[in-house]
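Engineer: One structure coming up, written as structure tokens, with questions to follow.
The values are calculated or read from the model by the stated rules, or taken from the named source; none is laboratory data. Everything numeric here is computed off the predicted structure, so don't read it as measured data. All Cβ positions, glycine included, derive from the backbone under ideal geometry; neighbour counts span all protein chains shown. SASA here: full protein model, heavy atoms, side chains in, ligands and nucleic acids out. Shrake-Rupley method; radii C 1.70, N 1.55, O 1.52, S 1.80 Å.
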Amino acid sequence: MQQASQPHQDRNSPSITCGVITVSDTRTRGNDHSGHYIQEALRNVGHQVLYYRIIPDEASQIEEVLLKLCPVEVAVLIFNGGTGIAPRDTTYDVLEGFLEKTLSGFGELFRY
């Protein structure tokens with residue numbers, strides 16, 4: 001039986017400086033499993049996590065951290081949390097205002 005092929009890591013790929021932002025009113029460093037997982041996954045493929053923060057689901061704080069860090073401090077910012085349909089889930093609403101280009105259908109593929 002042949003094993004499924006796995007994509008190989010390009011050993012020549014550059015290390016990218018990253019920031020991980022968890023948007024939540026309830027998460028702490030002790031229970032932020034998604035934030036820790038994202039950091040570990042980035043480091044495992046050779047990227048640098050220069051910034052990690054948990055912020056409340058407040059539009060002003062999401063915008064503040066985005067403007068502070070991008071593009072001066074880090075090349076990539078990964079936001080997680082605050083993406084549901086509850087009134088306090090404002091992450092996407094804030095980030096959408098900064099998008100230069102959207103990919104129709106990508107959200108559905110990502111959620112799949």
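Engineer: Can you name the helices (runs of 4 or more DSSP H) wholly within region 28-112 that have at least 2 residues being surrounded by 13 or more Cβ atoms within 10 Å (Cβ to Cβ)? So that I can check it myself, show each step before the final result.
Structural biologist: Values: elements: 33-44, 59-69, 91-96, 106-111.
Filter on region 28-112 gives 33-44, 59-69, 91-96.
Engineer: Okay, moving on. Taking the stated definitions as given, is residue 82 on the phi > 0 side of the Ramachandran plot and either at pLDDT 95 or above or touching a helix residue (DSSP H, G or I) at 6+ places or on another chain (Cβ under 9 Å) (or both)?
Structural biologist: Numbers: on the phi > 0 side of the Ramachandran plot: yes; either at pLDDT 95 or above or touching a helix residue (DSSP H, G or I) at 6+ places or on another chain (Cβ under 9 Å) (or both): yes.
Judged against the criteria, residue 82 is a match.
Engineer: Another question, if that's okay. Quick one: what pairs do we get from region 78-91, first residue closer than 18 Å to residue 41 by Cβ, second β-branched (Val, Ile, Thr) and open to solvent by 30 Å² or more (accessible area, probe 1.4 Å), C-beta under 6 Å, 6+ apart or different chains?
Structural biologist: Listed by first residue and then by second, the contacts come to 78/38.
Engineer: If you don't mind, another one. Out of 96, 64, 73, 58, I need the residue that is charged (D, E, K, R), touching a strand residue (DSSP E or B) at 6+ places or on another chain (Cβ under 9 Å) and free of Cβ contacts under 8 Å to residues at least 12 places away in the same chain. Which one? Full working, then the answer.
Structural biologist: Values: 96 fails: touching a strand residue (DSSP E or B) at 6+ places or on another chain (Cβ under 9 Å); 73 fails: free of Cβ contacts under 8 Å to residues at least 12 places away in the same chain; 58 fails: free of Cβ contacts under 8 Å to residues at least 12 places away in the same chain.
The match here is 64.
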